[in-house]
Amino acid sequence: MFDQILNPVHNLGATVALSLVPLAVLLVLLAFFKVSAWLSALIASLVTFIIAVVVWQAPVGSTIKSYVFGSFDGIWAVDWITFWGVVIFNTLSLTGSFDKLRKWLVSQATADIRAQTLLLAWAFGALLEGLVGFGYPWALVAPILIGLGIPDLKAIRVAAIANNAPVSFGALGVPIIALSTVTGLPLMALSGSVGKVVAILALLPPWVLIYLVAGKRGFREGWPLAIVGSFSYILGQYPTSQFLGPYLPDIIGSIVCFAALLALLKLWKPRTPLGFGGTPIEEGDPSRESAAGGLSATEIVSAWTPIAILIIVVVAWTGPWSPLPDVSLFTLEVDAKSALGNQTVASAFSFAPFIGGTAILASWLAMLAFLRPGTGIIKQVFTRTFTQMWGALLVGVFIFGLAYVFIYSGMSTSLAYGFSRIGPAFIVLAPILGWIGVALSGSNTSTNTMFGAVQATAGKLLGFPILLAPTLNSVGAEVGKPVAPQTASVGVSTSRFVRNEGEVIWHNMGWTLVLLAYLILIGLLYYFFAPDLMRI
């Protein structure tokens with residue numbers, strides 16, 4: 001068994017600097033040289049391999065195995081979910097089901113810009129994030145908001161800020177699955193800890209959204225919308241994350257939020273409807289009525305049915321009562337001895353054929369039975385999905401190979417040991433690392449893959465509750481999404497800001513820093529007053 005080396009160059013500062021080289025290469029290629037994500041991940045993974053073998057003296061054969069096993073995990077644990085999630089999204093789009101759902105939601109909003117924003121940016125955006133992620137909530141929500149009278153740059157910011165809270169559970173829970181894979185921490189435990197932090201984080205964005213679209217005046221009569229919008233999302237998201245896992249918190253949270261906001265608007269409406277900027281307007285906008293498209297009750301039910309199918313199949317398949325996700329046909333593994341203590345560090349791939357991605361495939365097949373699309377549409381679905389996803393799928397292969405070698409060689413242990421020398425103040429740095437990671441890489445999943453094990457080890461060395469630092473990494477990454485160049489490039493694809501992401505990122509920056517400061521306070525709250533909630 002390979003024995004890891006904690007300080008291979010006999011200088012802790014230089015060791016930490018060398019261990020950061022692969023991450024720096026990845027982030028510099030992405031953020032400054034604008035190299036595509038899959039190629040950046042491939043180059044960075046090769047750099048990681050060379051440093052692991054030459055500096056950390058990891059054996060070549062075992063390191064190759066570690067890389068291969070990590071790539072297998074990237075394909076099966078992450079790509080298998082994201083691919084079928086995007087297939088579902090494209091199926092709903094090409095069959096018109098999603099357009100019907102969008103039209104119905106627009107028709108349910110009053111003319112008040114505050115209600116429109118919470119229904120369409122907050123709740124509908126969470127649904128989109130839960131299904132597919134990757135910046136699509138911005139791309140689809142921003143044009144709707146522009147059509148409702150919000151200037152385009154401000155509409156993109158509203159869509160981006162509304163997208164904050166759902167990101168950790170985005171794309172059917174892939175960021176949490178990645179975090180569990182690289183840290184070895186139980187998936188349900190991480191889902192629960194992230195859910196606890198997101199439940200507090202989600203209290204703030206609805207208030208920010210109302211301020212962004214209606215100013216201070218928006219709070220006078222609009223505060224019930226903020227309260228119902230935040231607590232209803234949490235009411236769906238929180239128990240789902242605690243008891244059902246990471247796949248559906250966003251989707252169920254968004255549906256509960258829809259129901260609560262629509263019920264509120266049936267019973268109560270602001271006495272003075274406001275337009276963008278807090279200007280009083282008249283209720284009853286004819287353009288909004290025509291946008292509803294005159295959907296029948298049957299069409300509305302048919303638009304919601306595929307979402308119901310997804311929830312039923314995934315809950316039945318992946319819930320704690322189901323034995324399917326635990327079925328494993330074989331395991332491939334290569335081990336090392338940690339430089340800190342005698343623990344075994346394993347690079348392992350376990351082939352479990354009935355994991356979450358397979359459940360999502362099964363739900364898509366059930367949707368096909370309901371929607372009955374023609375073969376031409378199905379062909380379009382796969383063509384569009386491969387066109388959109390091939391680069392992201394390769395990222396999953398290379399970034400997990402990088403992460404496994406980073407962990408197996410001992411580089412992550414050395415980096416975590418260096419971070420632990422900061423002392424308890426690292427609790428403030430943990431969410432900032434997540435924010436920086438996603439701001440440069442563009443992906444919560446990649447950020448968790450790169451920094452998750454480092455955060456977990458540093459937290460353990462400092463005596464933090466075991467789940468706290470990796471959880472703050474993940475939620476810090478979701479807070480940084482509005483300033484992530486890759487996310488912004490997708491998010492502006494339906495606006496006039498194509499290839500001008502810098503202006504959008506700068507416009508979003510201030511509010512992401514506000515949310516980051518709020519997250520740091522949440523982390524301190526759990527560290528000092530509720531540490532037991534972050535233990536297994």
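Structure data summary
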| quantity | calculated |
| --- | --- |
| Cα shape, region 111-152, gyration tensor, a/c 1.5 rule | oblate |
| Unsatisfied cross-links (Cα-Cα over 31 Å) in the set LYS103/LYS196; LYS216/LYS481; LYS154/LYS460 | LYS103/LYS196; LYS154/LYS460 |
| Positive-end residue of PRO280, GLN380, GLY96, charge dipole of the chain with Cβ unit charges | PRO280 |
| Electrostatic dipole magnitude of the chain [Cβ: Lys, Arg +1; Asp, Glu -1; Cα centre; debye, to 20] | 620 debye |
| Other-chain or far-sequence residues with amide H under 5 Å of LYS337's (modelled H) | PHE2, ASP3, GLN4, VAL345 |
| HN-Hα J in Hz across region 347-354 - Karplus 6.51, -1.76, 1.60, θ = phi - 60°, x for Gly and Pro | 9, 9, 10, 10, 7, 10, x, 10 |
| Label selected from (i) 0.94; (ii) 0.97; (iii) 1.00, the criterion being Rg/Rh (Cα atoms, Kirkwood Rh) as computed here | (ii) |
| Euclidean distance of C-alpha centroids, region 13-73 and region 393-434, integer Å | 12 Å |
| Helix axis angle, 444-461 relative to the chain longest principal axis, alpha carbon, degrees | 50 degrees |
| Surrounding net charge for SER93, when Lys and Arg each add one and Asp and Glu each subtract one, Cβ distance under 14 Å | +3 |
| Dipole magnitude of region 237-357, debye to nearest 20 (Cβ charges: Lys/Arg +1, Asp/Glu -1, about Cα centre) | 260 debye |
| Principal-axis tilt of helix 170-183 within the chain, Cα atoms, nearest 10 degrees | 20 degrees |
| Residue-wise HN-Hα coupling along region 27-39, computed from phi with Karplus coefficients 6.51, -1.76, 1.60 (Hz; x: Gly, Pro) | 6, 5, 4, 6, 7, 10, 9, 6, 6, 4, 4, 5, 6 |
| Table column - 3J(HN,Hα) (Hz), region 297-314, Karplus curve with 6.51, -1.76, 1.60, x for Gly and Pro | 4, 5, 5, 5, 4, 5, 5, 7, 4, x, 5, 4, 4, 4, 4, 4, 5, 5 |
| Gyration tensor verdict on region 1-122 (Cα atoms; rounded if a/c is under 1.5, prolate if a/b is larger than b/c, oblate otherwise) | prolate |
| Spin-label pair LEU513/LYS337, simplified geometry with 7 Å Cα→Cβ offset, distance in nm | 4.9 nm |
| Computed FRET value (nearest 0.05) for LYS460 with THR344, which takes r as the C-beta separation and R₀ as 22 Å | 0.90 |
| Length released on extending from SER322 to ASP532, taking residue separation times 0.36 nm less the Cα-Cα span | 72.8 nm |
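Where a number appears in this text, it was derived from the coordinates with a stated rule and is not lab data. Keep in mind that this is a model prediction, so the values were computed, not measured. Cβ sites come from the backbone with ideal geometry, for glycine too, and all protein chains shown count toward neighbours.
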